[in-house]
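For reference, the structure discussed in these notes is given below.
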Amino acid sequence: YGFLIILLAAAGHYMSAPGQTYCISSMVDPMLDDLTHIDRSDYSLAYLVGTILAGCLLPISGSLVDRFGARVMMPVAGVLLGLACTWMSQLESLASLYLGFLMLRCFGQGMLPLFSNWLIGEWFQKRRGLAIGLIGIGGALSTMTVPVLVNQAIEEFDWRHAWMVLATLSW
């Protein structure tokens, strides 16, 4: 049963991609080309503010996983991350970009890896270090494959559809 827990936790790390810098950075140029009223400085500031505010929300996320467990909270985070990706696909204003980055960073970069690590801590007493190392493979595979997927979706369709692909994968 521990092997299944490792797979689920690794999947959590893998699917945190939409909130991670390596994924968001694939979207910068296509989004800025389309959203001409948003410049690179505004985009970067929105990303910074979203990251800081999402970090401030992590203690609440920790309390939620302590209270309800990863079995409940990981699917909730996945659904919320999918909604955040859907939000990003519909962007039109700078204010919506700020909120989008807050959601992406909170649910993707923050919650999913936190809950995955919590899951390992709860299930493994012995060989916990090995289990944490194995779930890190999910993050490494994500870093290698998701930007390629995003770039292909952008080339084939556009950045809005690429966000919807990420939303569908998150769900």
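The values are calculated or read from the model by the stated rules, or taken from the named source; none is laboratory data. In this text, all values refer to a predicted model and were calculated from it rather than measured experimentally. No Cβ is skipped: glycine too gets one built from the backbone with ideal geometry, and neighbour counts run over all protein chains shown. Ligands, DNA and RNA are stripped out before the accessible areas are found, and what is left, the full protein with its side chains, is counted by its heavy atoms. Shrake-Rupley method; radii C 1.70, N 1.55, O 1.52, S 1.80 Å.
Per the listing ALA77, ALA84, ALA70, the residue uniquely open to solvent by less than 70 Å² (accessible area, probe 1.4 Å) and within 18 Å of SER25 (Cβ to Cβ) is ALA84.
Going through (1) within 19 Å of LEU32 (Cα to Cα); (2) part of a helix (DSSP H, G or I) one by one, LEU91 falls short only on (2).
From the list ALA77, ALA10, ALA70, ALA84, the lone residue that is within 12 Å of the chain's Cα centre (by Cα) and under 20 Å from GLY136 (Cα atoms) is ALA77.
Could you please let me know if SER89 is open to solvent by 60 Å² or more (accessible area, probe 1.4 Å) and small (Gly, Ala, Ser)? Considered against the rule, which asks whether it is open to solvent by 60 Å² or more (accessible area, probe 1.4 Å) and small (Gly, Ala, Ser), SER89 comes out as no. Is it the case that VAL49 is within 26 Å of VAL28 (Cβ to Cβ) and in contact with a helix residue (DSSP H, G or I) (Cβ under 9 Å, 6 or more places away or on another chain)? In short, yes.
Would you mind stating whether ILE38 is over 13 Å from the mean Cα position of the chain (by Cα), farther than 23 Å from LEU169 by Cβ, not hydroxyl-bearing (Ser, Thr, Tyr) and not in a helix (DSSP H, G or I)? Yes. Just to confirm my filter: which helices (runs of 4 or more DSSP H) fall fully inside segment 94-171 and include at least 2 residues that are under 26 Å from ARG67 (Cβ atoms), open to solvent by 20 Å² or more (accessible area, probe 1.4 Å) and out of contact with any Phe, Trp or Tyr (no Cβ under 9 Å at 6 or more places or on another chain)? Result: 112-123. Just checking, does segment 53-62 include any residue being surrounded by fewer than 14 Cβ atoms within 10 Å (Cβ to Cβ), within 14 Å of the chain's Cα centre (by Cα) and assigned to a helix (DSSP H, G or I)? Scanning segment 53-62, I find at least one residue that is surrounded by fewer than 14 Cβ atoms within 10 Å (Cβ to Cβ), within 14 Å of the chain's Cα centre (by Cα) and assigned to a helix (DSSP H, G or I), so the answer is yes.
Taken as a whole, the condition of being touching a His at 6+ places or on another chain (Cβ under 8 Å) and open to solvent by 10 Å² or more (accessible area, probe 1.4 Å) does not apply to LEU8. The residue that is most open to solvent (accessible area, probe 1.4 Å), counting only those in segment 26-52 that are of a type in the set (Val, Ile, Thr) and within 23 Å of VAL146 (Cα to Cα), is THR51. Candidates are the residues of segment 11-25 that are in a helix (DSSP H, G or I) and open to solvent by 10 Å² or more (accessible area, probe 1.4 Å); the one that is nearest to SER89 (Cα to Cα) is SER25.
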